[in-house]
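Notes to accompany the following structure.
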Amino acid sequence: MDRPTLEETIALLEATLDATHDAILVVDLKRRVIHSNRQFLEMFRLTREDIDAGGLDAVLRRMSEELDDRNGTLVATQDLWTDPASRRLDVLRFKDGRIIERYVAPHQIGSRVVGRVASFRDVGSTVRTAESLEQHRAFLEQAQTVAHIGSWVAELDGSGNVGWSAETHRIFGVPAGQFDGTSEAFFELVHTDDREAVRAAGAAAIERDRAFDIEHRIVRPDGSVRWVQECGSLQRDATGNAVRMIGTVQDITERRQLEDQLRQAQKMEAIGRLAGGIAHDLNNALTTMAGYAELALGELQSDHVARADVEEIRRAAERAGSVTRQLLAFSRKQLLQPRVFNLNGTVAAISRLLSRLLGPDVRVQTALADAQLDVLGDPGQIEQAIINLAVNARDAMPAGGQLTMSTAIEPVDDEYARTHLPITPGTFIVLRVADTGHGMSRETQARVFEPFFTTKDAGKGTGLGLSMVYGTMKQIGGFIFVDSELGRGTTFRLLFPPAAGQEAPAEGLPPAQARTERPRGHETLLIAEDEPAVRNLVASALRNDGYKLLLAASADEALAIADAHRGAIDLLLTDAMMPGRTGVELAAILVDRYPHLRVIIMSGYTEETLSLSERTTRVAMLQKPFTPRDLRRRIREAIDR
Ligand code: ADP
Ligand code: MG
């Protein structure tokens, strides 16, 4: 074959250059354009004539016109074209959106540099794909942040490599630079007690195709312990080998806390029902014991040998009665005598009493809110609650210390309400009772409100003090929280719903007055009580007082007796809870039927049916256990009102 002529060679090279995908521009060291291919002319919308007439300057001018400002001085840089040896790769952005990669390099013949060659390649679609991938990744990151769900990838090829998303870094409390991306680094963060379980779950997923779904604790570098839930799914290769696991991680600490609180609340509810049931039955027996003891005392001469013994029986029954009362308080079944009162007044009054009660080693301080703090509740119960808290505080400060009671009006926001079940957002009146005593452990704090929970020696503690406070606060729609640390003292926080806007019940019953003379009457009393011992006690206690007594063992029997009775019925004395129709229902029927009828409901126990609004001035409550003396006095008060 003949050697090609020079013209043929040049034509071949030019055709080759025209056939390449890239735009190409060749200049010599004097900045003369030696060659430009067809793609170059098209890319910069130039003609061969433009270049023949204007040379490199015409090219650069056109480039400046076509490129957008983001490229700065890239184009104008002169040494790009005159510096014989430099190589340079950069990206040019055009006003019309095109993205061009430019490569400028020396043009060499042998080892001699004779000029510069620039090649241009449209990389728009590649760059745009990368950009949209990046945007996609940013969206995903953002979605993870919003959902608080992080993601991770664990390679199972033996490398132990682990990759985390930004949210995963946040959940673990480890900044991106500080995680070395290995499964060992991950396990370091898993709570030591949970590592085994996490490893086992991973192994079960890989070897036995189990779902990887596990809740475990992690310990962040700052020492805080969080609960996380992790779910993962395996990727296997064509032969079925697990190659990697991809998963999510979610911080569920808050949810776990809520579940704990809910469990705790349900446990207290169950204990409350149990305690309430026991107390209810015990109350009937105690009422009978104390009552008959008192009746017997009335019959015994003051020098009778049996008197001291019967006194003992009565005192024992009263002591037992105080236990059942506290149990009822806990189970929220106590009979409250609620009215609106100023909490500041109660706290101020009780602080004077406490100074004496707690002894000289305990300083009692108060810090009262500068406002009238009206709450709805039974002030007597609240006083008792404060005393219980104060006595505990004293026990926690054997060497003395300080007891501080402070009041305030505080909002409970959504966030707080969400994390402190079952509290609801709103404004509360808050009483804090704080001591500087030995404090208590987390385990103790979890149980302090349970009845009979005590850490004190036998005979010293009953474990009923705080359960009574708990029940009292619950019953008035309030809350109690404890905050304590070993060696750092304890603060109890009592939240009262403000009285404003609440249905105030009928005027509270007048305070008990000691009456010396035995009240007598002539009125007709209808008595309904299913428990024979209590019914007989009531009859015995009232037998000699001049009343006409109609006795019934159930509500239906009472209604039948009332129907058959000619003449007035002045007062209904009924047990609250009876099989069949309750005393409350009986009272409701008879109150309608007899416009002047007064009612006393005997109970150890308030049920939901006995809501405050039902307590009109015609209906009074008598708490079991009661003594015959209480009974007589309350009957007279009810009739004479
Ligand atoms: P009791 O006083 O009869 O033990 P409580 O129900 O009043 O029963 O208290 C239960 C337990 O709660 C106490 O035994 C004690 O362990 C703990 N406790 C209560 N108040 C405090 C306090 N202020 N400081 C430390 N521990 C307390
Ligand atoms: Mg106590």
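Any read-out appearing in this document is the output of simple, stated calculations on the displayed coordinates, not a laboratory observation. On a predicted model such as this, the values are computed, not experimentally measured, just so you know. Counting neighbours? That spans all protein chains shown, and the Cβs are built from the backbone with ideal geometry, glycine included.
Each listed q (0.15, 0.17, 0.20, 0.24 Å⁻¹) maps to a log10 I(q)/I(0) for segment 422-503, found by the Debye formula over equal Cα scatterers with no solvent: -0.61, -0.75, -0.97, -1.24.
Per-residue 3J(HN,Hα) values for segment 226-237, derived from phi via the Karplus relation 6.51 cos²θ - 1.76 cosθ + 1.60 with θ = phi - 60°, read 10, 9, 10, 10, 10, 10, x, 10, 8, 10, 10, 7 Hz in sequence order (x marks Gly and Pro). Sites count as exposed loop sites when they are GluC sites (Glu not before Pro), lie in a DSSP loop, and have at most 14 other Cβ atoms within 10 angstrom; the longest stretch of the chain without one is 1-484.
Rounded to the nearest 10 degrees, the angle from helix 555-564 to the longest Cα principal axis of the chain is 40 degrees.
Summary value for segment 240-362: 28 percent relative contact order, contacts being C-alpha pairs under 8 angstrom separated by 6+ residues. Close amide H pairs (under 5 Å, H built 1.01 Å from N) link residue 527 with 550, 551, 552, 573, residues at least 5 positions away or on another chain. Answer rounded, prolate or oblate for segment 165-274, using the Cα gyration tensor with square roots of eigenvalues a ≥ b ≥ c: rounded when a/c is under 1.5, else prolate when a/b is larger than b/c, else oblate. Because a/c hits 1.5 or more and a/b fails to exceed b/c, segment 165-274 counts as oblate. Out of every Cα-Cα pair that segment 243-301 contains, those further apart than 17 angstrom amount to 69 percent.
In this structure, the amide hydrogen of residue 244, modeled 1.01 Å from its nitrogen in the peptide plane, lies closer than 5 angstrom to those of 156, 235, counting only residues at least 5 positions away or on a different chain. Against the compact-protein benchmark of 2.2 N^0.38 Å, the Cα-based radius of gyration of the chain scales to 1.73. Backbone phi angles across segment 84-98, fed through the Karplus curve with coefficients 6.51, -1.76 and 1.60 (θ = phi - 60°), yield HN-Hα couplings of x, 9, 6, 10, 8, 10, 8, 10, 10, 9, 8, 4, 7, x, 5 Hz in residue order; Gly and Pro are listed as x.
Taking 0.692 mPa s as the viscosity and 37 °C as the temperature, the Stokes-Einstein diffusion coefficient of segment 229-273 based on its alpha-carbon Kirkwood radius rounds to 238 µm²/s. The 3J(HN,Hα) values that the Karplus relation (6.51, -1.76, 1.60; θ = phi - 60°) gives for segment 271-285 are, in residue order, 4, x, 4, 4, 4, x, x, 4, 4, 4, 5, 4, 4, 4, 5 Hz. Gly and Pro appear as x. Ellipsoid fit via the Cα gyration tensor, segment 226-345: semi-axes of 64, 19, 10 Å, each the root of five times an eigenvalue, largest first. A dipole drawn for the chain from +1 and -1 charges on Cβ atoms has a positive end, and of 94, 466, 17 the residue lying farthest that way is 466. For the chain, what does the relative contact order come out to in percent, with C-alpha contacts under 8 Å and a separation of six or more? RCO, the chain: 8 percent. Applying D = kT/(6 pi eta Rh) to segment 52-155, where Rh is the Kirkwood radius over alpha-carbon pairs, T corresponds to 20 °C and eta to 1.002 mPa s, the Stokes-Einstein value obtained is 127 µm²/s.
Which lysines, on any chain, are close to residue 456 with Cα under 26 Å apart, when same-chain ones fewer than 8 places away are left out? Cross-link targets: 267, 474.
Each eigenvalue of the Cα gyration tensor of segment 124-220, multiplied by 5 and square-rooted, gives one semi-axis; in descending order these are 28, 17, 13 Å. Compactness check for segment 420-461: Cα Rg over 2.2 N^0.38 Å is 1.57. Relative to its residue count, segment 114-166 spans a Cα convex hull of 160 Å³ per residue.
Along the charge dipole of the chain, pointing to its positive end and built from +1/-1 on Cβ of Lys, Arg, Asp and Glu, which listed residue (125, 528, 85) has its Cα farthest out? Among 125, 528, 85, the one farthest towards the positive end of the dipole of the chain is 528. Per q in 0.17, 0.24 1/Å, what log10 I(q)/I(0) does a Debye calculation on the alpha-carbon atoms of segment 453-500 return? Values returned for q = 0.17, 0.24 Å⁻¹ are -0.64, -0.96. Each Lys and Arg adds +1 at its Cβ and each Asp and Glu adds -1 at its Cβ; summed about the Cα centre, the chain shows a dipole of about 2000 debye. A Cα-only calculation for segment 331-421 places Rg and Dmax at 15.2, 43 Å.
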